[in-house]
Each structure stands twice: as C-alpha cells, then as structure tokens.
Amino acid sequence: MTETTYREAIRQALIDAMQTDPDIILLGEEVGLYGGAYGVTKGLIDMFGAERVIDAPISEPAIVGAAVGAAMTGLRPVAELMYVDFAGLVMDQLANQAAKSRYMFGGQIGVPMVLRTQGGTGRSAAAQHSQSLEAWVMHVPGLRLVMPGTVNDAYHLLRAALTQPDPVVFIEHKGLYTLKGDLDPAVPDAPWGVPLVRREGADLTILTYSRMLQESLAAAEALAARGVEAEVIDLRCLNPLDETAIFASVRRTGRALVVTEAAVTGSVASEIAARVGEACFDWLEEPVLRLGGEDIPIPVAPALERGSIPDAALIAETALWLVRREAPAWA
Amino acid sequence: MTETTYREAIRQALIDAMQTDPDIILLGEEVGLYGGAYGVTKGLIDMFGAERVIDAPISEPAIVGAAVGAAMTGLRPVAELMYVDFAGLVMDQLANQAAKSRYMFGGQIGVPMVLRTQGGTGRSAAAQHSQSLEAWVMHVPGLRLVMPGTVNDAYHLLRAALTQPDPVVFIEHKGLYTLKGDLDPAVPDAPWGVPLVRREGADLTILTYSRMLQESLAAAEALAARGVEAEVIDLRCLNPLDETAIFASVRRTGRALVVTEAAVTGSVASEIAARVGEACFDWLEEPVLRLGGEDIPIPVAPALERGSIPDAALIAETALWLVRREAPAWA
Amino acid sequence: MTEARSNIAPVLRYAAMRRIRSFEERVGELFLRGQSAGSMLHLSIGEEAVVGMTDAMAPGDTFTTHHRGHGVFLARGADPARMMAEIAGKESGYCRGKGGSMHIADRALGHLGANAIVGGGIPHVVGAGLTYRNRRSGQISVAFFGDGAMSQGILYESMNMAALWHLPVIFCCINNQYGMGTRVDRSAGKLGFGGRAEAFGLIAAHAEGQEVEAVHHAARDLVAAARDGRPGFLEIDAYRFYGHARMDKSPYRSPEEEAEGRARDPLTTARARLAAEGLADAADLDRIDAAAAVEMDAALEADVAAAPPGLPTMFQDVYAPGTPAPRPQADRLRAVLSEAPR
Amino acid sequence: MTEARSNIAPVLRYAAMRRIRSFEERVGELFLRGQSAGSMLHLSIGEEAVVGMTDAMAPGDTFTTHHRGHGVFLARGADPARMMAEIAGKESGYCRGKGGSMHIADRALGHLGANAIVGGGIPHVVGAGLTYRNRRSGQISVAFFGDGAMSQGILYESMNMAALWHLPVIFCCINNQYGMGTRVDRSAGKLGFGGRAEAFGLIAAHAEGQEVEAVHHAARDLVAAARDGRPGFLEIDAYRFYGHARMDKSPYRSPEEEAEGRARDPLTTARARLAAEGLADAADLDRIDAAAAVEMDAALEADVAAAPPGLPTMFQDVYAPGTPAPRPQADRLRAVLSEAPR
Ligand SMILES: Cc1ncc(C[n+]2csc(CCOP(=O)(O)OP(=O)(O)O)c2C)c(N)n1
Ligand SMILES: Cc1ncc(C[n+]2csc(CCOP(=O)(O)OP(=O)(O)O)c2C)c(N)n1
Ligand SMILES: [Mg+2]
Ligand SMILES: [Mg+2]
C-alpha cells in the first residue's frame, strides 16, 4: 500500500500487465516518445520497445481498427484515444466492428482489446476537448465500459480490463490524473463489475462515477456537517452493471440522486435514474433526481466551464432538498 | 388530402422545399441516378439537375463535413446517410462540427443543414444495417432530432426541418416507407417541437415515436378490445422536446410506458422515463416502464430479429400488467 | 509457390472460379425461393478471378472481405453448405445464423470477417499485420474490398500505417466498376488507383479481371514482398455482371455496356486459355463444371429449410461465455413485477 | 494580382509576418501571466510564410484553419485585440469567450472556423466550394492544416470530392515537421505529400517555408487554377520553433535540430532579401517591427483582464436566437421541486 496518483496507478497497471502478458501492445498517438498527452505512458517505450509501444499517425479510425485486427489475431492491444471527444471518429470501428464481431460471427472471433481514453472538463480545453461521451458507449451492446474514480480502482480496473475477453472502453478523467490516493496492487477495492459503497449513509443514495465520485464524497462530508448522511455509491463498471447494491441502497434510503458530468440529456445518469425508478418505485419517498452537465457544448471561459457542470456544492444543495425539502438558493 | 406513402411524403417534401428554396441541395450516396437506396429521391436529379442533387463518393465523413461547409456559406444542404448505422463514421462531423460551430464561434456561424437517414429493423439486414442510434444524437447539445412516425408528419416535419437555422437529424424508418396514410401538404398534424396525442385514453400513457408509434397504436386497439384505454403520445421531435403534453397525460393516467426500438440501455426511452419519473413522481401509480430492443446486436435470422424488438403484442401485454396487474405469459 | 507454377494449378484455379460462379447462382436461387435471410445478397459473379489472389496466399494467412465476399471465402476453402446455411440464417451456418451473407467468418480458415461497412474490414488486416510482425510468424493478411472503398478515408490511414510499419499486408481492390449505381468515374477524382497506393509507399499492381493467371502473377509478387515487410496494393479490374444486390436491376447502365462487361468473363477466358495451352480439354472442363454444379446443388439443399435458431440464442455470443450476458428484457420486467411489495 | 506583383507587396508580406510573430510572442506572455483560458495555446512561430498563401486570396474568399491558426487569421485581417480577448476567454473576443484559441472564427473576414479536431475543418471548404460553384460566385475556399492532418482519412475523401466536382478549393498543408512529438517521418509511410494530392487529381505544389515569396508564387498559380475549378494542394515546408503547446518543452528533439530549424526563419530570410533587392532597408524594417510590437502590446492589454462572461451567457448560441434554447438544469430541478403537490 503506497500513496500515488491516478496517473501513476494507470501507468503502473500497464507496466505490470505488460510484464505479465507479452501479447499486450500499446497503440496510439504520442504513447511512445512523448509518453502520452497526459504522461500516462511515460517511459514505457524504453521499457518495452517500439514494437510493443507503438506511436501511431493521427489516424484514430485506423488505430481502433488496427487494434481490432490485432485482437482478432492474438494480441491484446490497448488502443489509446487521446481524448474521448474524438470518439466520433472511431464509433464505427468501436460499435460496428469491435462490439459486434463476436456476435455477428457466431462466437468465433472475440476482440479482447482495451480502448483507453480520457474525458471531462477542467482544463479550459473548450468544446472539442472536454466532453464526457460515455453514454454513446453504454448504448452499444458488445462493449464493456469502465470509469475509475479512485487511484486504487484506476489500477485494478485496468488490470481487470486487460484480462477481459471482450472489448473494454476504459475512460479516465483528465481532472483526476493528479488525484492522490492509496494503491495496493494486491487488493482491489471491489471485484470487476460490482458497484461499491464508498460511504455509508441512511438518508439518501448518491449514485455516481469518475470525477463526480470525488465531488460527491466532498458533498457527503458537507452534508454530514449538516446532519444528513449520504450513501455514496461508485458505479465503476457501467456495463456490465450489477444493480444489486444500488437497488438495495435506494430501497433503504428511499431517495436517490444520480450525478454525472456529461450533458444530462441522454446521459448515463438518465439510464440509471430510469432503472432505479423502475426497480425501486415502491420504496421511493421522492423522485429520483439527476444532476449532470448543462445541455450545452463546453465553453472555453474557465468560469463558464466550471459553471456548466455539477460540483460538491450543487450536489449537497440538491441532496438537502431531496432529504429535507430545503430549497436551495437557485430554486 | 390524398393517400400516399411515407416514402412519397418525404420525396414530396423534398420536391416542394427545393422548388421554394433554391439553396437546398441534396448530397449523398446514390441520391441521384439511383434515386436513393430506398427510392426516396427517385427522379429528383432529373427535376433539379446534378448541381443540386449530388451523387457523392462513399465518403460519409466528408459528405457530412461538406454539408457543414455548404451550410456555413449559405446553402441549405440535405445530406443523406444511407443507414443510421453509419453514424459512427460521421459523429465527429455531426457532434463536434455541425452541432458546436454556432456555439464555439459565439453565435456567428450557424449550420442550417438536415441530415436525413433511416434506421431500424425489418429487412434482415443484420447487425450493421438495422440499428436505431438516435440516442447518440439526442445526447449532443446543438443538434435537433426528429423521427416521424406517420405519413403526414414525414412530410411536414421535413418541411419544418428545412426551415430550421440549426442542424437537424431527421431519422426515417426503413419499415415505414411503405406505410400508407393521408397527406395534407397544407395542414401539419401539430407544430414542430410538440408531441402529439395520437389516441386518447385514461388508463395509461404510452410514449413512443417512429415505427413503434404504429405498433403502439395497434397495441392500443387490442387493449381497447380488452377494456383498457391507452393514451398514445407520439414524441415526434425528440429534441427540442416540449414535455407539457407528456407530463399532463401521465399526471392524468398515473401510468407510463415508454417504447423504443433501440437497444434499451442508454436509449431515448431511458431519457424519457427519467424525465417522467422526475416530474410526475407524485402522480404515478406504478413505475414508469421501458420497453425497447434487447441489448444485443441485431441478428440476421428473421425470427431472431423480430424477437429482439417490441411489437404490438408485447406492448399490449406490458400495458395490461401496468394497468391491471395481469402478468403476461412470459412473466 | 511450387504448386503455383505447376501445370495443374491453372486448372485448379479454373475449378475454383467455377465453384464460385455455381455457388452464387444458387444464392440467387435461394433468394427466389424466399429462403434467404433478407435480400442483402451481393453476388460476386464476374469477379471470380480474385482466385488469382487467394491462390497466392498460404495456409495460415488471414483476410477480411467486404459485403461481396462469398467468392473470396470459397476460394480460401469455405464449406459451401455452411455458407448457404448462414445465408439462410440457420444455426448450422458459419455464424449460427447471426451474421448472414454480409457477415461470414471462419477463424479456422483465416477469415477474420466479411463486413457490411464499406471499408470497415480494411484496418483489421493492419492489426493482423502487427501481430504477425511482432511474432515474426511469416503470415500475411489481405483485405479484399471494392472500388467503393477507395473513397473511404480509413483505407488511406490503413495504407499509410502498413507502409510506415512495414507490415505483411496486402490491400486488394476488386474494382467491378460500380459502387451500387455509381460508376467508378463518377466517384473518383482520378482513376488508376495504384497511384494512390504508391503515394503512400505501397507496391502497387494492376491486373485485368478476366485473366485469372495475370491476377495470380501479380499477386505472387505482392505476396512475396508483403511477407518481407513490403506491403502492397492490387487492383483487379472486373465487371459486376448483375445488380448491386438481389433487388437491383441496374437501370443506371445500358444493356450494351452490360453485354460488353459480361463478355469480360474470367471463366470463358480461362477455358479458352487452358484449351489453347493444352492444359485441359473441353471435356475436362465440362467435368469440372458438372462437379461444381453437383456440389452447389447439394449446398443449396443443405440446411436452408431448417427451423430458425431458437429465440434464446439471441443472447448468446454478445459477450464471451463465462462473462455476464445481457439481461433479457423479460427478466427486467419480471423483476419489476415480482419484487414490488404490492 | 496586380498588387501581388508590385514592389510594395513583399514588404507588406514581411510586415504581416512580423505582426504574426509579435502576436504569438504576446500569446505566450498572456499564458505566463495566467490570463489565457487554459494552456491549449499553439503558436505558429516559424510558420509565418503562410502569408504567401493568405496574400494570394481575394476578399470574399473563405478558409478554415487547424488549432495553430492565429497566424493565418491575422494575415487575413483579424483584429489582434479581439483575438487576444478570445484567447483570454472574454466576451469581447471574436467568439464571446466561448471558443478560445482553438476555435476562433469571423464570418465577416471569411474565417469559417479554427478547429481543434485534426482535419476537422478540411471538408468544410469542400462544402464552401459547392456553394461557390453552384452560385458561380468566383470565390475560393482554403483549408489550412498541419502535417498531422495528412494522416486523417477525411483529407483524402475531401481531396477526391474537390477533384471530382472541380471545386474552387485549395488544401494548404503547413508542414512544421511535427505532430506533437512525432516527426513527420515517423508518421508518414512516404514523404512528399504532393504525390498523394496528385494521385487524387489535384494540382500539387511545394514551397520552402522560409521563403515567403516562393510560397506566394506557388500560391498565386494555385489560386488562379482553383478559381477555374481546378483544385490544388500546397505544402509549405516549415519548422515549429517551439513546443506543441505552451506546456511542451519538446524533449523529443535535439537542441541541434531545433537550432537548425529555427535558422530557417522566414522573417530573417525576408529581411535579407528585401534589403538585397533594395525594396526596404534595415531602418524601414525596424520601423515595421516596432509598429508591430506597439500594436501587439496594445492587444495584450486590451480586454484580457475583463470580468469573465456572465454565467447565463452559457446558454446562448447553442441554437439560433428565437428557437428553443436548452433548459438550464436549475429550471428542471425547480420544476420538480415546485410542481410536486406536497
Ligand atoms: C460505410 C458504408 N457506406 C455505404 C454503404 C452502402 N453500400 C453498401 S455496398 C455499397 C457499394 C459498394 O461498392 P464497392 O465497394 O465497389 O463494392 P461492390 O458492391 O461493387 O462489390 C454501398 C454504397 C455501406 N454498406 N457502408
Ligand atoms: C482528431 C484529433 N486527433 C488528435 C488530436 C490531438 N492533437 C492535437 S494537435 C496534434 C498534432 C497535430 O499536428 P499537425 O497537424 O502537424 O499540426 P501542428 O500542431 O504541428 O500545427 C494532435 C495529435 C486532435 N486534436 N484531434
Ligand atoms: Mg464496386
Ligand atoms: Mg505539424
């Protein structure tokens, strides 16, 4: 157990996995000499050589397509999409090829690849470099979707992804790379595919993932100071999503708040809210509420960018209303 | 008022609009000589010439990108994506370019284009030619999304789309092209952007669109025979979505069933269910239920294809449970 | 390679072409009988000289195809009965009735998959090439696609990678002059696709599609170079004898043009050449034709009338066995139904 | 054209280049002061000879740029103060603080938009070309992009369309030898990008990036051809003097290489040439430099310290005025709150 960063945890997961499994290759823009746009793959080309750490031309569709072909023929590629915002270039290879090959071909040809990418706001990178597009991925049968929100999960979920027989989309958050936390390479926080109660509480259930997990935990602290105990559940693996813990919690607390950074319309939060609303209806005291990004492109001005997505304060205020019917200032 | 088909209604809308607005061009694969993969643009190249009806190479990203540029400079292009399944090739141009230009550029440069495409099952066209991907579009701020489910709407919503100042994604359904119905070029069913009660009923509200509207209306007939009156609401314009009629109906009936053909996870149905669950919580007698496609790629075998998406029988059975707690055979 | 230079090889290539022609004719028949799964059936009649390319490949080499891929796969050893069953959407088909005509694959024979996305399978051979390069396995991987894919950007991204990384890969364009109703001169800013390939650093070759031996000659050189890390591009100039798919009557082209195109028949050419070179006489060739007819008649009767796959199979193979499968909708609704404390 | 051949034009091009250099230096300063919106600032220092291209365009011609587009836009007439305000994310900026450095546009000056998606703006000039062709307006549209975009498939799709449809379009590749940390020989299967353009049917030209007059010469010919429906491709061979963005110290290249690259300075070359040809003496040129410095100092002080745009502005311009705007989340939650009959 050592303290490290989210960035380092991912890097370490790649190193440990590559040392264990010689079939793993990294394929992406700037993953080699440059060490990754966010420094995640720094030094790996020296450790594993240019045949395993492959700097690719700026050809996202073919990068993902090549990863598909490499996976089909026995390698275990980790393709890197520098920003999830570029998903629009690769959704065909991801959704029509990687996701469907096993099925279309009657189970013959699996595509055990990982697509690593990162998303989210926080760097004033404007509309084309700040999105959260996991909803597109979640809608595609055949893909697995993972979004770590802690340092230890960043390590273990990536290690687990690298043992999966099917394509996994692994979305990091640019605002978490410097997050510090404990890493125990021997002990995962929880198994793959299972949501995790990160904080217990009886008054409401906050369902979230990725960077919003950190905001939600901060909100829960603030709420505790006001006498409200929030249970915070980290969804971690959005597909497959084991709902057992989610439903159990909401049925206990009777209140659910789903938080995402993505534009709220058509988001993962909507999916979770729909499921909880369906399955927990008879236990709910209040409507399942969603908090997400505003339905706008991300503006470059830092104040607007910040103002367009939820933060701990907004989460806490909304939770307070849900529990105590204390209307926040903006309501 | 004449009886015609969904296909002809769309074709007529294009003709009437092109005669009115000389800036409208059609740009897409096989829209000219071939007359469209589904015959929608038949004869238009003879009527309007090859400068306005442009057969494009099989270059979907550049087709949509060229439409963006043409729209920016004063034309009103109708780009055709032969199958919505190819959306993965164009989401960058659609979501990062068409959708965001007005915003990123501070309101200076609008992109008044229409992307016409078609989706859905019904032709045993297998996993890459049968999808319903409107959820990807709905998640993108800056786009408008329209999915007509009737002949008259096919005409009028397209005419309206061709007057919008912003990009509209207009998704037809391959299974509706032969649908017959009345077309009155002078009178729309309802204004742009407003859902429409297609059938009144007091017992539950069915919320749906596109081909599932037809299945839902058939289900409502069957339900009526069993004494259950379903209110069927056609969502029509999924974005912007005016929720007034939806919420009013659900608050009256106390029961809501949302039906889509798309893979249900992360679908438009989930978004609608989440909104209804939020806004109508205190009026609901039962949980908002979703019916959608199974979370699988579409199989080619006709029986499997049919079995993977809802039909009138499934809708009616589910509605009966919702209203009468009569468990269907499969439950 | 040795076999390729033997006297019997050209005869075998003729036989392979005839099997393709016979098979495709029966696919047309399957459709007319209403036994195909849908009407998205793309016949490769007229393009049989692709056998010149497939025959230059070795066992263990892999490939992807476009939607018009029956011929390529047959030439690489497919069982026509299992193909026909797949085209009919039956469980005994190559893909258990999930894929159909446009999505046939067979891991054992190196078929990494037919693709209904124009250009969709092309980058997969780049990835296969990475595997073979890294493992020094000596294998190559070949992408087969149509002239239409020459307009897909991913092709150029893929060519560039293959050249840059010296991959054992070949891009094989079966130019049948049409993408649906669009003749190639209405989709290409400039013809002579080899020039594009060369500009990205590939070795380019061109062959007439009615001359299977010419195709084979060009293919052998490209295969040798590819195995050596020098990727190539082959354009086979053919003609699509019939419509794009089974419903298309090709109103966009003249009967004269069609007659001319169909006169460029690789089977006719091969018969004439084999006879002229004394490698086979008319009786030999007729026997080959008859054998193909018998084989393909049998394929057409195989399992095409079997019962459809059972509904529960639809949830299989979305993900690997042993991992969580998608939850059927009925289960979700049942849970809502039965767990509610009412 | 007349002006382009005058004696004063080369001096004006020098002045335009100097203004770019001075502007970019101040963008660097803006960042160091912590006043830029983020750190995604890509300086075009070393690439100023693009002025040779922009100067060949006429008023009314349009263009798109990549993320490193400050220079192109300045050369097409941008107001540096409004640019700087945009880069600082202020409401007085070209895009009201919504776009920032990577998304500057100005309809009035024909700037259809800078793009942060490599290759993203390229097809837009094809669409503009369709507009101008259909309207016979005599305008052309030019896409500016980097060597990195030579790996994006959409470029080739766009080139093909431009050639096929005889569009008044030019593709201008500013090859600064690097895409982030990747030198162009590590991303291209074959160098000499003009060959690719020719293979698609474009007229291709190449010019040294330290010679603005050579660039201009090539550009004039291409512009004339493009106006005539013969689209072209221009590769300007330059060097990226500094890191990819403001945080990048370019550890992946040697100081020697950088020194050599920076020696290929279009400003130095132009000064020498103007002096040698007697078009301007050192004092003239110094005056030009000083004027640029004064102008850009002023730009740097313009509105960069203004208050940030008000929060409600974030909902503006998602859609056109007069059409339904996105509903702010607060409104949705308020409705849930207030409508509940409890
Ligand atoms: C990406 C994509 N765009 C369009 C289509 C529709 N489509 C199917 S086949 C075809 C023509 C393909 O022509 P070509 O590549 O020459 O192959 P051919 O049919 O001639 O064998 C088109 C446009 C598709 N399946 N995929
Ligand atoms: C589609 C896409 N891929 C990757 C990136 C990340 N990225 C931004 S700039 C850049 C390098 C671009 O190089 P080049 O086109 O030569 O332009 P330069 O920065 O050298 O001016 C990369 C990879 C991006 N913005 N868009
Ligand atoms: Mg073809
Ligand atoms: Mg560059």
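Observations on the structure shown:
- In this assembly of identical copies, the label point of C:Ala298 (Cα plus 7 Å along Cα-to-Cβ) is separated from its counterparts by 9.0 nm, sorted shortest first.
- Relative to its residue count, region D:271-342 spans a Cα convex hull of 160 Å³ per residue.
- Label-point gap, in nm, between C:Asp79 and B:Ala224 - each point 7 angstrom along Cα→Cβ: 5.4 nm
- Note on C:Ala330 and D:Arg136: the model spin-label points, each 7 Å out from Cα along the C-beta direction, lie 6.7 nm apart.
- Cleavage-rule hits, GluC sites (Glu not before Pro), region C:1-107, DSSP coil, Cβ neighbours within 10 Å at most 16: none
- Estimated FRET transfer efficiency when R0 is 41 angstrom, pair D:Ala272-D:Asp185 (beta carbons, to 0.05): 0.90
- Normalised by residue number, the volume inside the convex hull of the Cα atoms of chain A is 128 Å³ per residue.
- Cα long-axis angle, helix D:266-276 against chain D (0 to 90 degrees, to the nearest 10): 40 degrees
- In nanometers and ordered shortest first, the copy-to-copy spacing of the B:Glu285 label point, defined 7 Å from Cα toward Cβ, is 2.6.
- At R0 = 25 Å, FRET efficiency that the Cβ-Cβ distance of D:Val294 and D:Leu12 yields, to 0.05: 0.90
- Sorted from greatest to least, the principal axis extents spanned by the alpha carbons of region B:196-322 come out as 42, 33, 23 Å.
- Computed from the Cβ-Cβ distance with R0 of 56 Å, the FRET efficiency linking A:Asp16 to D:Arg262 stands at 0.85.
- The mean count of C-beta atoms from other chains within 10 Å of the C-beta of residues in A:110-116, rounded to a whole number, is 1.
- In terms of its alpha-carbon gyration tensor, region B:1-41 comes out oblate; a/c meets the 1.5 threshold, while b/c is at least as large as a/b.
- Under 5 Å between amide hydrogens, built in the peptide plane, is the criterion, and for B:Leu238 it picks out B:Leu145, B:Val146, B:Met147 among residues at least 5 positions away or on other chains.
- Segments B:63-73, C:209-219 sorted - mean Cβ within 10 Å per residue, highest first: B:63-73, C:209-219
- Put in line by how crowded their Cβ is, counting other Cβ atoms within 10 Å and starting with the fewest, B:Arg52, C:Arg33 read C:Arg33, B:Arg52.
- Of the trypsin sites (Lys or Arg not before Pro) in region B:155-242, those whose Cβ has at most 14 other Cβ within 10 Å and which sit in DSSP loop: B:Arg226
- Potential extension, D:Leu32-D:His166 segment - 0.36 nm per residue separation minus Cα distance: 43.6 nm
- Among the residues of D:303-313, the average count of other protein chain beta-carbon atoms within 10 Å of the residue beta-carbon is 3.
- Shielding value for B:117-125 is 2, the average number of Cβ atoms from other chains within 10 Å of each residue's Cβ.
- Here is how far apart the C:Ala259 label points are across copies: 7.7 nm, shortest first, using a point 7 Å from Cα toward Cβ.
- DSSP bridge orientation in the protein assembly as shown - percent antiparallel, rounded to nearest 5: 20 percent
- Over region B:196-322, relative contact order from alpha-carbon pairs under 8 Å, at least 6 apart, %: 29 percent
- Hull-based mean projected area of region D:3-339, where the convex hull spans the alpha carbons, in square nanometres: 19.8 nm²
- Under conditions of 4 °C and 1.567 mPa s, the protein assembly as shown yields 41 µm² s⁻¹ as its translational diffusion coefficient, taking Rh as the Kirkwood radius over Cα pairs in the Stokes-Einstein equation.
- Extent along the principal axes, Cα only, for region A:2-183: 45, 37, 29 Å, with the longest axis given first.
- Each peptide in D:282-294, C:51-63 receives the mean, over its residues, of other Cβ atoms within 10 Å, and ordering these scores from highest gives C:51-63, D:282-294.
- Using the rule -39500 (n - 2.57) for each DSSP H run of four or more residues, divided by the residues of chain B, the 222 nm mean residue ellipticity is -10000 deg cm²/dmol.
- Global form of region C:1-152, assessed from the alpha-carbon gyration tensor, a/c cut-off 1.5: oblate
- For region D:263-310: rounded, prolate or oblate by the Cα gyration tensor [a/c cutoff 1.5]: prolate
- Positive minus negative residues near A:Gln128 (Lys, Arg vs Asp, Glu; Cβ under 11 Å): -1
- Spatial extent of region D:136-277: Rg and Dmax, with the Cα atoms as the point set, Å: 16.3, 51
- Radius 11 Å from Cβ of C:Lys90, net charge of other residues (Lys, Arg +1; Asp, Glu -1): 0
Throughout, read-outs are computed from the coordinates displayed, never taken from laboratory work. Given the structure is predicted, the values throughout are model-derived calculations rather than measurements. Virtual Cβ from ideal backbone geometry, glycine too; neighbours counted across all protein chains shown.
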